[in-house]
Amino acid sequence: MEMKGWNEFEIGTLLFPFSDEGSQNVEKHSDKREYRQDSSYTASVAHWRVEKPVYNNDHCINCFNCWLYCPDSAILARDDKLKGVDYVHCKGCGVCVDVCPTNPKSLLMFTDHIQEQDALAQWPAKETKKKGA
Ligand code: SF4
Ligand code: SF4
């Protein structure tokens with residue numbers, strides 16, 4: 001599949017990812033999905049990334065917020081479970097981390113060069129709410 005650069009599109013262009021319904025693609029890994037010719041998949045901007053989201057399965061409740069809001073279709077899911085991040089397409093925007101509702105979050109941003117096991121070892125503990133705060 002030919003990859004286009006972000007600057008080959010008109011300003012304001014909307015990039016819809018799939019050639020069929022999104023719900024038909026949620027269970028498929030990225031290499032099995034039906035992408036449109038001009039989409040956020042063919043126009044990968046992963047080289048923008050300086051930080052990456054790391055996924056921690058220990059806290060995830062599989063709410064799919066991150067999958068829904070990711071602008072690059074870079075959240076992978078299968079069998080009703082989150083499976084991680086497609087770093088070929090993730091641009092490191094952090095939207096998935098913002099919308100993750102768990103405590104602690106199940107996705108956190110780390111420098112792009114960190115190894116997954118090192119990121120998981122630094123995961124914060126659950127925050128306790130202070131009374132009256
Ligand atoms: S940081 Fe998260 S929301 Fe942003 S492109 Fe990567 S996976 Fe998608
Ligand atoms: S938003 Fe967080 S809790 Fe929900 S599926 Fe994504 S990683 Fe899991």
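Read-outs: derived from the displayed coordinates by stated rules, not from any lab. Since this is a predicted model, take the numbers as computed values, not measurements. As a convention, Cβ positions derive from the backbone with ideal geometry for all residues, glycine included, and neighbour counts pool all protein chains shown.
When the helices in the chain are scored as -39500 (n - 2.57) per DSSP H run of 4 or longer and the sum is shared across all residues, what 222 nm value do you end up with, to the nearest 500 deg cm²/dmol?
Details: 3 runs with 16 residues, N = 133.
Dividing the helical sum by the residues of the chain leaves -2500 deg cm²/dmol.
Would you mind ranking LYS81, LYS91, LYS129 by Cβ crowding within 10 Å, fewest neighbours first?
Ordered by Cβ neighbours within 10 Å, fewest first: LYS129, LYS81, LYS91.
May I have the pair-distance distribution P(r) for the chain, computed from all Cα-Cα distances with 10 Å bins from 0 and rounded to whole percent?
Taking every Cα pair in the chain, the percentages come to 12, 40, 33, 12, 3, 0.
Between beta-carbons, use under 12 Å as the cut-off and find the net charge around CYS60, counting Lys and Arg +1, Asp and Glu -1.
So the environment of CYS60 carries a net charge of +1.
Under 5 Å between amide hydrogens, which residues at least 5 positions from PHE110 or on another chain qualify, with H placed 1.01 Å from N in the peptide plane?
LYS52, VAL54
What residues qualify as long-range amide H neighbours of ALA77, i.e. H under 5 Å apart, gap of 5 or more or another chain, H built at 1.01 Å from N?
LYS83
Would you mind ranking LEU82, LEU68, LEU120 by Cβ crowding within 10 Å, fewest neighbours first? Before the final figure, lay out the partial values.
Numbers: LEU82 22, LEU68 12, LEU120 16.
Taking fewest neighbouring Cβ atoms as first place, the list is LEU68, LEU120, LEU82.
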